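Here is the structure we will look at, set down as structure tokens.
The values are calculated or read from the model by the stated rules, or taken from the named source; none is laboratory data. Computed from a predicted model, the values in this text were never measured in an experiment. Glycine also receives a Cβ, built like all others from the backbone with ideal geometry; neighbour counts cover every protein chain displayed.
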Amino acid sequence: MSAATIAFRHLFGPGPTNTYPEASLALSRPLLGHLDPAFLAEMDHACEGLRRVWGTQNRRTLPLSATGSAGMEAAFVNTVHPGDVVVIGVNGLFGERMCDVAARCGADVVRVDFEWGQPVDAERLVTAHPHPRIIAAVHAETSTGVRSDIAALGAAKGDALLLVDAVTSIGGIELRADDWGIDVGYAGTQKCLGVAPGLAPFTINERAWQRRVAKPQSWYLDLGMLGGYVGEASGAKRTYHHTAPVAMVVSLAAALDRIGEEGLENVWARHQGAGDALQHGLQEMGLELFAADGYRLPELTTVKVPAGVDSARVRGYLLDRYDIEIGAGVKQFASSVWRIGLMGPNANPGSVALILAALKDAIDRA
């Protein structure tokens with residue numbers, strides 16, 4: 001397979017999506033040193049852009065130097081003290097991962113399970129334990145294509161910290177960290193933000209900061225050692241403890257500028273329109289959607305594989321014939337569900353028409 005072929009894949013899976021052109025072009029700019037004042041200005045610019053897409057005024061909002069999974073770990077290692085009760089809503093793979101990470105931090109995990117394809121229920125979570133230290137949930141569950149009501153959780157959380165996974169939601173659907181009461185949140189760059197994988201947009205408010213772990217078990221992800229990159233120092237006095245991924249930060253800043261120019265609410269509307277059109281088209285083809293009606297993500301559609309159709313064969317045909325990559329389901333749904341992403345620049349009518357036509361051809365030939 002040639003490099004050119006790989007470069008022109010149409011990525012409609014749940015993982016890395018196609019990037020905004022501005023983000024790709026920014027990667028080709030001459031590199032700055034990670035201590036260069038010009039780079040520090042780029043970092044400040046990126047952090048300000050992240051505040052907009054998070055819907056927050058949190059000073060400590062920054063792109064962590066790793067993917068969204070490290071954002072998850074950073075969220076827990078900096079807030080969970082051994083023995084803390086952590087209530088976690090599990091309605092898919094990433095809720096399960098939250099449980100694993102929290103347990104490794106020494107948490108007393110109270111796992112509240114929901115049927116895959118359904119949203120988490122706020123009342124069940126907030127009543128699962130009388131005095132939890134943290135309540136955690138996934139806003140947009142990547143494994144199932146379901147959106148949960150984070151605002152309802154924030155309104156009922158009481159004294160607990162609300163920790164939220166926004167990997168698939170940030171930059172694609174409504175997200176209002178401050179208004180919804182999110183205390184700690186992490187995300188990824190490779191989905192609706194339209195940037196290559198490699199950074200974890202992160203935010204933590206003052207309330208959570210005052211309760212943080214003084215010496216987290218992870219040196220690399222210790223937020224207390226990242227002060228210089230979140231406005232706690234300035235210029236040459238800035239502190240650091242590892243080399244920032246300069247090109248990725250510059251690429252992120254360019255994508256956030258592009259989103260700002262379009263208008264964040266317009267970007268949300270574009271994702272919603274594309275998702276609605278795709279889901280309507282799939283149903284017109286006679287296919288059944290997996291996620292619960294009323295809670296379906298526009299940016300990530302889950303659809304049941306028709307009876308008698310070989311999922312892997314269809315996905316292979318799409319890749320070989322059309323250079324289109326869609327995702328399989330997860331765990332028990334690996335061969336019975338497809339996951340189709342319309343994220344970032346892919347959230348447009350042309351992408352909808354392409355995937356619908358290609359998928360129909362692939363199913364007809366399966």
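Quick test for you: out of Val87, Val53, pick the one residue that is β-branched (Val, Ile, Thr), modelled with pLDDT of 95 or more, assigned to a helix (DSSP H, G or I) and crowded, with 16+ Cβ neighbours inside 10 Å. When all the criteria are applied, what remains is Val53. The residues of the stretch 337-353 that are in a loop (DSSP other than H, G, I, E, B) and within 14 Å of Ala269 (Cβ to Cβ), listed by number, are Leu342, Ala347, Asn348.
Within the stretch 59-82, is there a residue that is assigned to a strand (DSSP E or B) and hydroxyl-bearing (Ser, Thr, Tyr)? The answer is yes; a qualifying residue exists.
Pick out the one residue from Lys237, Lys157 that is charged (D, E, K, R), modelled with pLDDT under 95 and either under 28 Å from Leu125 (Cβ atoms) or outside the structural domain of Glu299 (by TED's automatic domain parsing) (or both). Reasoning before the result, please.
Working: Lys157 fails: modelled with pLDDT under 95.
On inspection, the qualifying residue turns out to be Lys237.
Would you confirm whether or not the stretch 183-205 contains a residue that is charged (D, E, K, R) and surrounded by fewer than 24 Cβ atoms within 10 Å (Cβ to Cβ)? For the stretch 183-205, residues charged (D, E, K, R) and surrounded by fewer than 24 Cβ atoms within 10 Å (Cβ to Cβ): absent. Among the residues of the stretch 301-360, which ones are surrounded by fewer than 23 Cβ atoms within 10 Å (Cβ to Cβ), among the charged types (D, E, K, R) and out of contact with any Phe, Trp or Tyr (no Cβ under 7 Å at 6 or more places or on another chain)? Within the stretch 301-360, Asp310, Arg313, Arg315, Asp320, Arg321, Lys331, Lys360 qualify.
Number of residues in the stretch 56-84 that are closer than 12 Å to Tyr186 by Cα, aliphatic (A, V, I, L, M) and either surrounded by fewer than 17 Cβ atoms within 10 Å (Cβ to Cβ) or out of contact with any strand residue (DSSP E or B) (no Cβ under 8 Å at 6 or more places or on another chain) (or both): the value is 0. Condition check for Ala291 on (1) aliphatic (A, V, I, L, M); (2) crowded, with 21+ Cβ neighbours inside 10 Å; (3) part of a helix (DSSP H, G or I): one failure, at (3).
Being in contact with a His (Cβ under 8 Å, 6 or more places away or on another chain), modelled with pLDDT of 95 or more and crowded, with 21+ Cβ neighbours inside 10 Å is a property that holds for Leu175.
Table: residues versus (1) crowded, with 18+ Cβ neighbours inside 10 Å; (2) at pLDDT below 90; (3) farther than 17 Å from Cys47 by Cα.
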position: Leu226; (1), (2), (3): yes, yes, no
position: Pro245; (1), (2), (3): no, no, no
position: Ala255; (1), (2), (3): yes, no, no
position: Gly273; (1), (2), (3): no, no, yes
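Taken as a whole, the structure leaves Val305 outside the set of residues that are under 21 Å from the mean Cα position of the chain (by Cα), assigned by TED's automatic domain parsing to the domain that holds Gly273 and either at pLDDT 95 or above or not polar (S, T, N, Q) (or both).
The single residue among Glu141, Glu115 that is charged (D, E, K, R), within 18 Å of the chain's Cα centre (by Cα) and assigned by TED's automatic domain parsing to the domain that holds Gly49 turns out to be Glu141. Here Thr5 clears all of (1) outside any loop (DSSP other than H, G, I, E, B); (2) modelled with pLDDT of 90 or more except the condition numbered (2). Based on what the data block shows, is Asp159 surrounded by fewer than 21 Cβ atoms within 10 Å (Cβ to Cβ) and closer than 30 Å to Val305 by Cβ? Answer is no for this residue.
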